[in-house]
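All remarks here apply to the structure that follows.
The values are calculated or read from the model by the stated rules, or taken from the named source; none is laboratory data. Only a predicted model underlies this, so the values are computations on that prediction, with no experimental measurement involved. Methodologically, a virtual Cβ is constructed for each residue, glycine included, from the backbone with ideal geometry; neighbour enumeration extends over all protein chains shown.
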Amino acid sequence: MGSQGGFGQSKEFLDLIKSIGECRSKAEEDRIVLREIETLKTRLSSPNTPKFKLKEYLIRLLYVEMLGHDASFGYIHAVKMTHDENLLLKRTGYLAVTLFLNEDHDLIILIVNTIQKDLKSDNYLVVCAALNAVCRLINEETIPAVLPQVVELLGHQKEAVRKKAVMALHRFYQRAPGSVSHLISNFRKRLCDNDPGVMGAALCPLFDLITIDADAYKDLVVSFVNILKQVAERRLPKSYDYHQMPAPFIQIKLLKILALLGSGDKKASEQMYTIVGDIMRKCDSTSNIGNAILYECICCVSSLHPNPKLLEAAADAISKFLKSDSHNLRYLGIDALSRLIKISPEIADAAQHQLAVIDCLEDPDDTLKRKTFELLYKMTKSSNVEVIVDRMIQYMISISDSHYKTEIASRCVELAEQFAPSNQWFIQAMNKVFEHAGDLVNAKVAHNLMRLIAEGFGEDDDAADTQLRSSAVESYLQIMGEPKLPSAFLQVICWVLGEYGTADGKYSASYITGKLCDVAEAHLADDTVKAYAITALMKIYSFEIAAGRAVDVLPECQSLIEEMLASHSTDLQQRAYELQAILSLDANAVEKIMPMNSTCDDIEIDKSLSFLNGYVQQAVENGAQPYIPESERSGMSNISNFKSQEDHESSTHALRFEAYELPKPMLSQNVPPILASSTELVPVPEPSYVSDILQPATSAPSGSDAGPSELRLRLDGVQRKWGRPTYSSATPSTSSNDAVKIQNEATQRDSVGMSNSKARDVSYDSRKQQVEISPEKQKLAASLFGGVSKSDGRQPSSSQKVSKHQNPTSDKSRAAKAAAPDTAVVKTPQTPPDLLDLSEPSISSSAPSVDPFKQWEGLLDLKQDPTPVSAGGVGSTETSDFMSLFTDMSLNVPSDGVAGTMPNVINGNGLGGIMADHSAQQLNKGPNLKQALEKDARVRQMGVTPSGQNPNLFKDLLG
Amino acid sequence: MIHFVLLISRQGKVRLTKWYSPYSQKERAKVLRELSGMILTRGPKLCNFVEWRGYKVVYKRYASLYFCMCINQDDNELEILEIIHHYVEILDRYFGSVCELDLIFNFHKAYYILEEILLAGELQESSKKTVARLIGAQDSLVEDAKEQASSIKNMIAQATK
């Protein structure tokens, strides 16, 4: 036995682990692992290697792959080992293949046969191992090969096998719903299994099925409620208890299912109220698992048909969560709040919730912060949009994770578009979003912004429009100086400056053109921006010419134009030539080509080109061939279709047989000239064909039928939201109503504005001056939440009441908060000691100075507490009538009276003896000081422990 | 549904990985890199959850080991936290006050235990007794086999002496 190390592994393996643990660098580790791979390669392929050695090599191979190295050369050996007769080897083989292979791996086909054989085995452990592999490896193609056997196993005498068979079927259902659709009734049947484990497993597939189609399972509501009731009443065997809660995992699964079944169904919901209420009352809110159930209850209540009592209980539970010191609970509280707020918005009125939410918003924990933003996103109204979006933008600026940045940017845009109180605000908000996340937001947003600026408030309020535009121009001129701006934002800036830069006469043409040149020169690599800039120049110059002023082209503009004339991009060339041509025209012509302020004018397009009729007529008369539409040239069309398909497939190499698209800018000369200003709404039609932004431009002038309506920016209805209430057609506007609204808006804006600036202050020095924050926080709360009740159409008096109440209560809650730490300290000892959380930082960090053995003693003392509980659980002979419950259900008689009379075979004492033995063993095992010492001695013998004097087992030895 | 289970040491060394959703080797390495960077740097008092690529990762630290599970957005985080604890308790009973060394040297046993608790990304068995019974049955088989093996080994050793 000399070669055996202390952990049942060979010396070689221990040495490997040891040397890897002692590595100083990644390179050193890689070297060792590569050497190991070489060794394994030769050993595994050598025909003389004994089988039990093979098993160890395979485990070493698993270890190598876990370290991130390629072990694919050994996969085949794992597959081979699954064929072995010896269960020990077979099990290792199955473990290795489930870890090595994905379900689409080629080698799987070699395993299917073995799996088939093993599923028929007499030894249930073999069957279990095979079923584990089935869950991981069987894909859509191989399902039929094992399906009949798996179904057969649903009736196996061992509950472990039945359970795994249910899970396997569930997996099949996830992979390919069609393949097992005829077997779904089996899941219902397994719900009535004698074994609670099998029943619990059957809940997983049923949950999936009910998610898809709840109506087909409404008949099970009674059964589920009954099961849940019995679980909550501790009718399940004691071994399912977890931290003194009866089968909590099964309870949670059932609550999830009930939530689905009761959603939007009053009748079904009514059947569930009692049990959900009972469970909420019984939950032990000092343990984690109790809170998990409580949270699931809240989720369930929020999806059931509303019931005032339950909602109240849920609100209570939420406020407990929010007040908790644990970040986990506060996180769940926020999440629960956002669920409940949908069905009972008044919950947000509670002052203590508001303060808790703001605390979470300012918490340094990112996860909590994001969850809070999610809540705010859900409760945004037109009254609080400014504060919320402002907050979101601040946060967006502060993070670097692009995935989340994109998400929050698009949320900002969505909220701003939906609820913006004024156009000016909208532009400001959009500017910020663009400035910091411009490359991440959808291109459509840029078009929306341009369109908003162009269309303004509405037709009859020109003064406001002009003001809006000049404020936009002003803000852009300021922002332009920033060194790094996203391309999409620059495009908007160029367009707006070109269109409105000189409109109000505040800035001279040469100033604006100078700025535009700067932009173009600063972004030499970005053709789109350059194209926008040069078209903007063209507009400025033509407005100048049309107004009869002399144009003097700045030298830098001149050089820019010359550069563009020689550009590689034909589009830029085209634009530069057009600009040159316009510069040489007289005022009249230019006014025709580029009328002032014509962006919003509709361009009429003569799709049939009727103005050419005369010309065509003449040509035909002169003997030209008449035009035949493409549809009539049937033979031709097929070929060309075919070709075009091929063309798409091999787009880069093949010759194009179709005509090239007409170059877009040409249209500005053929078609009525106004078009030029409208085509600029979209980026340059570069010869890089199908970018979806291009589509509006290409489809509009060419007049294809289906195109425009689908591809255009969706702005329908948007303006109405932005505009003042007067224009919204939805309200049957009476003038008094409007007046009130406007007034409201004004006052709100004032208050919000104030709190806005305050809020910003808070975020800057919130950490320093905790005490002074509270009034500001309250203000923030008022601006966030106060609006909610108002906009919900409550009576003004009630909303006043809320705000009046707010001050005292919130003060109180602050006071309570101050006192909170004390109570928390008192509370902690009450919670049952965490079994394994023994050497949390607090302990381990104090280690160096303490004698390690003393430390263990301390740890072990802690441990002794919970063990008796579990041992007691094992020893007691719980006579559960669980089986009878299921027989009841299958008879569809939901009564408990019968239950008691049924004899109980399954959960009786038959197993008691074995269990007692086990528990005795475990008692020995758990808090055994001697064993731990032995282990340590062993470790030291092997020299694995690092040089430190402190042989602390719980410290990472490989550090 | 649980998409994967990771055990990472405080130094970022991987101790156990179990994937319930298909990930290629490359993706696995990337996931490990990203998550260990995210989780190991988090402070002690923060939430045990992180949002990651539209999923949530629930983690808990035991001594120097981080146990992580990746779940869907709408799953119950606290429940997952308790599933982790459930697993650790079973490991603790099995190894007798488990430590990281046990998991390093006997990582395959940790896998066997995990296979009895989670299957196809769902909680398969919430009774510790049932899990212990199954693992016990498997181990008794192993003992038999080991006796056989060692007797063979002795024979070989004697023969080669």
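Numerical summary
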{"item": "Total residues in the range A:259-286, condition surrounded by 15 or more Cβ atoms within 10 Å (Cβ to Cβ), farther than 18 Å from residue A:317 by Cα and more than 14 Å from chain B (Cβ to nearest Cβ)", "result": "7"}
{"item": "Matching residues in the range A:614-626 - criterion: being surrounded by 10 or more Cβ atoms within 10 Å (Cβ to Cβ) and either in contact with a Gly (Cβ under 7 Å, 6 or more places away or on another chain) or assigned to a loop (DSSP other than H, G, I, E, B) (or both)", "result": "A:624"}
{"item": "Qualifying residue in the range A:148-160 (condition: closer than 23 Å to residue A:91 by Cβ, among the aliphatic types (A, V, I, L, M), within 12 Å of chain B (Cβ to nearest Cβ) and assigned to a helix (DSSP H, G or I))", "result": "yes"}
{"item": "Test: residue in the range A:116-125 that is over 35 Å from the mean Cα position of the chain (by Cα) and closer than 22 Å to residue B:19 by Cβ", "result": "no"}
{"item": "Residues satisfying the stated conditions in the range B:96-115, i.e. at the interface with chain A (Cβ under 8 Å from one of its Cβ atoms) and assigned to a helix (DSSP H, G or I)", "result": "B:100, B:101, B:102, B:104, B:105, B:107, B:108, B:111, B:112, B:115"}
{"item": "Lone unmet requirement of (1) under 23 Å from residue B:131 (Cα atoms); (2) touching a Leu at 6+ places or on another chain (Cβ under 7 Å); (3) at pLDDT below 90 for residue B:68", "result": "(3)"}
{"item": "Scan of the range B:116-135 for residues that are of a type in the set (Gly, Ala, Ser) and either touching a residue at least 24 places away in the same chain (Cβ under 8 Å) or more than 7 Å from chain A (Cβ to nearest Cβ) (or both), ordered by number", "result": "B:120, B:121, B:126, B:132"}
{"item": "Answer from A:95, A:14, A:110 - the residue that is at the interface with chain B (Cβ under 10 Å from one of its Cβ atoms), of a type in the set (A, V, I, L, M, F, W, C) and within 30 Å of residue A:145 (Cα to Cα)", "result": "A:95"}
{"item": "Test result for residue A:164, within 12 Å of chain B (Cβ to nearest Cβ), buried (at least 24 other Cβ atoms within 10 Å of the Cβ), of a type in the set (Lys, Arg) and in a helix (DSSP H, G or I)", "result": "yes"}
{"item": "Failed item in (1) more than 19 Å from residue A:495 (Cα to Cα); (2) touching a residue at least 12 places away in the same chain (Cβ under 8 Å), with residue A:581 passing the rest", "result": "(2)"}
{"item": "All positions within the range A:542-588 that are part of a loop (DSSP other than H, G, I, E, B), of a type in the set (A, V, I, L, M) and farther than 14 Å from residue A:517 by Cβ", "result": "A:547, A:550, A:551, A:566, A:585"}
{"item": "Residue within the range A:223-231 that is aromatic (Phe, Trp, Tyr) and in contact with a Pro (Cβ under 6 Å, 6 or more places away or on another chain) present", "result": "no"}
{"item": "Qualifying position, being assigned to a helix (DSSP H, G or I) and surrounded by fewer than 20 Cβ atoms within 10 Å (Cβ to Cβ), among B:90, B:135, B:80", "result": "B:135"}
{"item": "Any chance residue A:289 is in a helix (DSSP H, G or I), farther than 21 Å from residue A:220 by Cβ, within 11 Å of chain B (Cβ to nearest Cβ) and touching a Lys or Arg at 6+ places or on another chain (Cβ under 8 Å)", "result": "no"}
{"item": "Residue in the range A:385-404 that is within 14 Å of chain B (Cβ to nearest Cβ) and among the basic types (Lys, Arg) present", "result": "no"}
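To keep it simple, each residue is scored yes or no on (1) surrounded by 19 or more Cβ atoms within 10 Å (Cβ to Cβ); (2) among the small types (Gly, Ala, Ser); (3) in contact with a Leu (Cβ under 7 Å, 6 or more places away or on another chain).
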residue: A:95; (1), (2), (3): yes, no, no
residue: A:100; (1), (2), (3): yes, no, no
residue: A:107; (1), (2), (3): no, no, yes
residue: A:110; (1), (2), (3): no, no, no
residue: A:117; (1), (2), (3): no, no, no
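Rundown of residues vs (1) within 12 Å of chain B (Cβ to nearest Cβ); (2) among the hydrophobic types (A, V, I, L, M, F, W, C), yes/no style:
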{"site": "A:79", "(1), (2)": "no, yes"}
{"site": "A:84", "(1), (2)": "yes, no"}
{"site": "A:99", "(1), (2)": "yes, yes"}
{"site": "A:105", "(1), (2)": "yes, no"}
{"site": "A:114", "(1), (2)": "no, no"}
{"site": "A:118", "(1), (2)": "no, no"}
{"site": "A:125", "(1), (2)": "yes, yes"}
{"site": "A:138", "(1), (2)": "yes, yes"}
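Residues are listed down the side, and each one gets a yes or a no for (1) closer than 17 Å to residue A:150 by Cβ; (2) in contact (Cβ under 8 Å) with a residue 40 or more places away in the chain:
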residue	(1), (2)
A:177	yes, no
A:182	yes, no
A:187	yes, no
A:190	yes, no
A:198	yes, no
A:201	yes, no
A:206	no, yes
A:212	no, no
